[in-house]
Amino acid sequence: MSRFPHRTVSWLAPLALLALWEGAARGGLLSDQVLPAPSTVVATAADLTADGELPRHLLASLRRAATGFALGAAAGLGLGVLVGLSRIAESLIDRSVQMVRAVPFLAVLPLVIVWFGVGEGGKVFLIALGTGFPLYLNTVLGIRQIDPKLLEMSRVVGQGRLERVRWVILPGALPSILGGLRLALTHAWLALVIAETIGATEGIGFMATNAREFLQVDVIVLVVLLYALIGITCDLLARFLERRLLSWHASYAPGSP
Amino acid sequence: MTAPAAAPGGAEVQIRGLTRVFGDRTVLTGLDLDIRRGEFVALIGHSGCGKTTLLRLLAGLDRPDGGTVRVPPARMVVFQEHRLLPWRRVWRNVAIGLRGKDARAAAVRALAEVGLADHVDSWPRTLSGGEAQRVALARALVREPQLLLLDEPFAALDALTRIKMHALVRRLIARQRPAVLLVTHDVDEAILLADRVVAMRGGRLAAEHPVPAEATRRGSPEFARLRAALLAELGVEEAADDVTVP
Ligand SMILES: Nc1ncnc2c1ncn2[C@@H]1O[C@H](COP(=O)(O)OP(=O)(O)O)[C@@H](O)[C@H]1O
Ligand SMILES: [Mg+2]
């Protein structure tokens, strides 16, 4: 409608900010010990890639995150479906989980250190914990919110229980499950950042901790940017899955905002 | 108590002394109704008098508290809402629950019969209200039910679409000849479609009016007379004066 090029400006603004930062660093307004120039950070990234350090640590971080996420997702999704489908499972499991859910998952950090020490197990556990809860809660919620009229229709056309799960219950719960997945990815990523501050010997968090000892601010900034990049990738992944799996849904259809 | 077995004597549906109680509210009290093979019965009655309750009992979606219900095994329902699965394409919504590899072919044929051959692979959300309800009709008829239960299926449609739906239903029913129970608020609809109109009051059937062939023409004196009589059953006396008999 308006003449103002909102889209272009929305991309130009951060670029301008970046240029400003670069200029300030080169002109000596920003000390290298506070915020090194973007070009310095890029150069550091290139160096660390060339000597194999960055890929090694990045891979360690991603493996850690993927393991925790896979374990947490399997548990959250599995228990969620079980509780959503079975009254018996619901009375056995649901209230306990709902009570534990009141605990912010990062608050158990000291406990995790006591249980697992500073090894790999505790880090994976923390990530799994952050992943499992939102997936569980959203799966249960999604199954409970299914329109009973559709379930009734499924009965009328003579579908059995398994068919009903496949045709009505799981697809009906999918928007909620994917919402949970998005939250789970955010939590897994947050858990990764925290977990890597506790006595890691590899991973990009370890790189940052190490760099702090030697006041390598450029490495620290690089790690912060990498974490941001992982976060953005997670978000894109969740969006992609939503578009892909919910194409029947008006709000995810191609062409809708 | 609901025995899915054919009733004797050409009656497809046989209901005797049917009772259904919700808490301290008795909705059906000793209701009797027979529907013959291939007969089209319309059921009218005030909102909340128990029409849907009766229909759900016939569909096997609810259990009676007393009495007996004999219905054929092949029953289908069209509800007021289309109840299509938004995450399945139109043809799958018709084929839902069908087995065998010719399920798609059967669904496509049924969709063609309701005039939706172009929408076989559409998503339900892209359909208009009338089109969605036609899909629901195709979903019911593709199974060739012996008993077709219609719970105010056209109530949410605009007047023009409703008239088209009446013609469509008449045509489809004429081919398969299932027994039909149509619940409706619309007295005109009841006269135009049914062989017999029954009125429900106080948890049982209060009256029944066969529909003579001459009454199925809008504007005929028989139509006007039957319409006035049915409105009177519903306690709408003054409306009878609005009817102009040519
Ligand atoms: N499952 C239920 N539990 C309690 N009350 C119900 C239930 N189903 C229907 N009723 C009550 O039974 C009465 C008849 O409902 P219904 O058969 O839906 O009426 P209608 O003739 O409008 O279709 C209403 O008062 C309704 O509130
Ligand atoms: Mg009703």
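Read-outs throughout are calculated quantities, based only on the coordinates presented, and are distinct from any laboratory measurement. If you're wondering where the values come from, they're calculated on a predicted model, not measured in any experiment. Every residue, glycine among them, receives a Cβ derived from its backbone with ideal geometry; neighbour counts consider all protein chains shown.
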Simple SL model, points at 7 angstrom along Cα→Cβ for A:Leu111 and B:Leu61; separation in nm is 4.6 nm
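Longest span of chain B, sites excluded, free of GluC sites (Glu not before Pro) in DSSP loop with at most 16 other C-beta atoms within 10 Å?
Details: sites that count: B:Glu237, B:Glu238.
In short, B:1-236.
For the protein assembly as shown, how big is the tail of P(r) above 46 Å, as a whole percent of Cα pairs? Spell out each step's value before the answer.
On the way: 47415 of 126253 pairs.
In whole percent, the share of Cα-Cα pairs in the protein assembly as shown beyond 46 Å is 38.
With a length cut of 24 Å (Cα positions projected on each helix's long axis) and a Kyte-Doolittle mean of at least 1.0, go through chain A and give me the DSSP H helices that pass.
A:170-195, A:217-245
Please give the calculated 222 nm ellipticity per residue for chain B, where each DSSP H segment of at least 4 residues contributes -39500 (n - 2.57) and the sum is spread over every residue; nearest 500 deg cm²/dmol? Spell out each step's value before the answer.
On the way: 8 runs with 81 residues, N = 246.
After summing the helix terms and dividing by the residues of chain B, the value is -9500 deg cm²/dmol.
Percent antiparallel among DSSP beta bridges with both residues in the protein assembly as shown, to the nearest 5? Numbers along the way, then the final one.
Values: 18 of 38 bridges.
Rounded to the nearest five, the antiparallel share is 45 percent.
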In Å, the C-alpha Rg and Dmax of the stretch A:129-257 are 20.6, 71
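Would you mind ranking A:Val217, B:Val77 so that the residue whose beta carbon has the fewest other beta carbons within 10 Å leads the list? Provide the component values of the computation, followed by the final result.
Values: A:Val217 19, B:Val77 27.
By the 10 Å Cβ count, ascending: A:Val217, B:Val77.
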Within the protein assembly as shown, pairs of Lys residues whose Cα atoms are less than 29 angstrom apart, provided they are eight or more positions apart or on distinct chains, add up to 4
So, relative contact order of chain B in percent, Cα under 8 Å, 6 or more apart, is 24 percent
Taking placed amide H atoms and a strict 5 Å upper bound, the residues 5 or more places from B:Gly115 or on another chain that come that close are none
Percent relative contact order for the stretch A:63-180, counting Cα pairs under 8 Å at least six residues apart, stands at 37 percent
Rounded to whole angstrom, the alpha-carbon centroid of the stretch B:165-182 lies from that of the stretch B:142-161 at a distance of 9 Å
Scoring only Lys, Arg, Asp and Glu (+1, +1, -1, -1) among other residues with Cβ under 15 Å from the Cβ of B:Ile44 yields -3
So for chain A, using the alpha carbon gyration tensor with a ≥ b ≥ c as root eigenvalues (a/c under 1.5 gives rounded; past that, a/b versus b/c decides prolate or oblate), I'd call it oblate
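Mind checking B:74-83 for the average number of partner chain beta-carbons within 10 Å of each residue's beta-carbon? If you can, show how the numbers build up before the last one.
On the way: counts 1, 2, 3, 5, 1, 4, 1, 4, 1, 8.
Partner-chain Cβ atoms within 10 Å, mean over residues of B:74-83: 3.
Once R0 is set to 25 Å, what does the formula 1/(1 + (r/R0)^6) return for the Cβ-Cβ distance between A:Phe214 and A:Ala24, expressed as a FRET efficiency to the nearest 0.05? Display every interim value, and only then the final one.
Values: r = 24 Å, r/R0 = 0.96.
Rounded to the nearest 0.05, the efficiency is 0.55.
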Quick numbers on chain B, Rg and Dmax over C-alpha atoms in Å, give 18.3, 57
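At 222 nm, what value in deg cm²/dmol follows for chain A if DSSP H runs of at least 4 each add -39500 (n - 2.57) and the sum is divided by all its residues, to the nearest 500? Mind showing how you got there, number by number?
On the way: 11 runs with 184 residues, N = 257.
So the calculated ellipticity at 222 nm is -24000 deg cm²/dmol.
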Most exposed first, judged by fewest Cβ atoms within 10 angstrom, B:Thr29, B:Thr53 run B:Thr29, B:Thr53
Connecting every pair of Cα atoms under 10 Å apart in chain A and solving the GNM, the largest mean-square fluctuation among A:Glu152, A:Glu202, A:Glu120 falls on A:Glu152
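Over all directions, average the projected area of the Cα convex hull of the stretch B:67-128 and note it in nm². Walk me through the intermediate numbers first.
Details: hull surface 23.5 nm².
Over every viewing direction, the Cα hull of the stretch B:67-128 projects on average to 5.9 nm².
Give the order of A:Ser96, A:Ser176 when sorted by the count of other beta carbons within 10 angstrom, beginning with the fewest. Mind dumping the intermediate values first?
On the way: A:Ser96 9, A:Ser176 20.
Result, fewest neighbours first: A:Ser96, A:Ser176.
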Sequence order, the stretch B:167-182: Karplus ³J(HN,Hα) from phi using 6.51 cos²θ - 1.76 cosθ + 1.60, θ = phi - 60°, Hz rounded, Gly and Pro as x, gives 4, 4, 4, 4, 5, 5, 5, 4, 6, 8, 6, x, 6, 10, 10, 10
Here the whole-number average of other chain Cβ atoms within 10 Å per Cβ of A:60-66 is 0
Relative contact order in percent for chain A (Cα pairs under 8 Å, 6+ apart) equals 23 percent
For the B:His185, A:Leu236 Cβ pair and Förster radius 45 Å, calculated FRET efficiency rounded to 0.05 is 0.30
Here the Kirkwood hydrodynamic radius of the stretch A:8-75, Cα-based and in Å, equals 14.9 Å
Chain A, Gaussian network, Cα under 10 Å: of A:Val156, A:Val100, A:Val165, the residue fluctuating most is A:Val156
Interchain or sequence-distant (5+) residues whose placed amide H lies within less than 5 Å of the amide H of B:Phe40 are B:Val180, B:Asp195, B:Arg196
